[in-house]
Amino acid sequence: MVLAAGLGTRMRPLTDKVPKPLVNVSGRPLLDHVLDRLAQAGVEEAVVNVHHHASQIERHVAERSGPPRIIISDERDALLETGGGVRRALPLLGDEPFLTINSDTIWVEGAQPNLDRLIAGFDPERMDVLLLLAPAALSVGYDGLGDFRMDPDGRLLRRVERQVVPFVYAGAAIMKPALFQDSPEGAFSLNRIFDKALEAGRLFGVRLDGVWMHVGTPDAIALAEDALEKSAE
């Protein structure tokens, strides 16, 4: 599932007329960077949710050729946040563990494709959620304190107040649909699902190989484009 329904408020004024997933980075919409990455990982079908400037995203994906095949999850009636958006789309996602990815997440690959590593690393016997995590200190456009620290076996613990931790959530995860059974209707964050897995000792992470770019504001676009240009040299 590609999460593409946010308002992109920090990306204004660009998102006043265009949804954030269609903001260009290095001449291509962020959404295309993500969909092409999914295709490279062998994903044949993707659910894309829409809310803000929804018709623009619908037209854009309809004009794409090749995989993945796109199914739209319409959220025009309500802004559901990340968790609520996934919950609404569950009938489209099926009963098996599924991949979620933010429509604005972008990275330069390392030695091995990161989505391949994420998919291969998911162990349903031990895990309910597996997150792709970027080293905060090496990420482009990120200046926060991090989200998680990771044990040697990959199990995650959240940052506590006044603590700096090494890893930031890079916007891609694999999770089990059963985690949503007791979730509320309406808007809620995927962090609620992550915390549920954490409390059960079943929240794990895999370190991103390469360079993750946090494209949260208009100023961050130039930083991301510079990183992509350098990677192509």
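The values are calculated or read from the model by the stated rules, or taken from the named source; none is laboratory data. Note that the structure is a prediction, hence the values are computed from the model and not measured. Quick reminder, even Gly has a Cβ in these numbers, built from the backbone with ideal geometry, and neighbours come from all protein chains shown.
Taking the criterion of being touching a Gly at 6+ places or on another chain (Cβ under 8 Å) and part of a strand (DSSP E or B), the residues of region 166-175 that qualify are F167, V168.
Could you check region 185-196 and list, in sequence order, the residues that are in contact with a helix residue (DSSP H, G or I) (Cβ under 8 Å, 6 or more places away or on another chain) and either surrounded by fewer than 21 Cβ atoms within 10 Å (Cβ to Cβ) or of a type in the set (S, T, N, Q) (or both)? Selection gives E185, G186, A187, F188, S189, N191, R192, K196. Elements of the type strands (runs of 3 or more DSSP E) sitting completely within region 107-165 and holding at least 3 residues that are more than 30 Å from S26 (Cβ to Cβ): these cover 156-158.
Tell me whether region 129-144 contains one or more residues that are out of contact with any strand residue (DSSP E or B) (no Cβ under 7 Å at 6 or more places or on another chain) and farther than 30 Å from D95 by Cβ. Checked against the condition, which is being out of contact with any strand residue (DSSP E or B) (no Cβ under 7 Å at 6 or more places or on another chain) and farther than 30 Å from D95 by Cβ, region 129-144 yields at least one hit. Filter region 176-196 down to the residues that are part of a loop (DSSP other than H, G, I, E, B) and among the charged types (D, E, K, R), then identify the one that is nearest to the chain's Cα centre (by Cα). Among residues in region 176-196 that are part of a loop (DSSP other than H, G, I, E, B) and among the charged types (D, E, K, R), the one nearest to the chain's Cα centre (by Cα) is K176. Taking first residues from region 209-232 that are small (G, A, S) and partners that are in a helix (DSSP H, G or I), the Cβ contacts under 9 Å between residues at least 6 apart in sequence or on separate chains come to G210/N114; G210/S231; G216/R10; G216/M11; A220/M11.
Of all residues in region 91-106, exactly one satisfies the criterion of being within 15 Å of A173 (Cβ to Cβ) and in a helix (DSSP H, G or I), namely L93.
For first residues located in region 33-51 and within 27 Å of D77 (Cβ to Cβ) and touching a residue at least 24 places away in the same chain (Cβ under 8 Å), partners that are part of a helix (DSSP H, G or I) and of a type in the set (D, E) and lie 6+ apart or on another chain with Cβ distances below 7 Å form the pairs V50/E58. Name the residues in region 197-228 that are surrounded by fewer than 15 Cβ atoms within 10 Å (Cβ to Cβ), at pLDDT 95 or above, not aliphatic (A, V, I, L, M) and not in a helix (DSSP H, G or I), would you? G201, the sole residue that qualifies. The single condition among (1) over 22 Å from S183 (Cα atoms); (2) surrounded by fewer than 22 Cβ atoms within 10 Å (Cβ to Cβ); (3) in contact with a helix residue (DSSP H, G or I) (Cβ under 7 Å, 6 or more places away or on another chain); (4) charged (D, E, K, R) that E109 does not meet is (3).
Identify the single condition in (1) touching a Lys or Arg at 6+ places or on another chain (Cβ under 8 Å); (2) buried (at least 20 other Cβ atoms within 10 Å of the Cβ); (3) not aromatic (F, W, Y) that A173 does not satisfy, given that it satisfies every other one. Only one criterion in (1) touching a Lys or Arg at 6+ places or on another chain (Cβ under 8 Å); (2) buried (at least 20 other Cβ atoms within 10 Å of the Cβ); (3) not aromatic (F, W, Y) is unmet by A173, namely (1).
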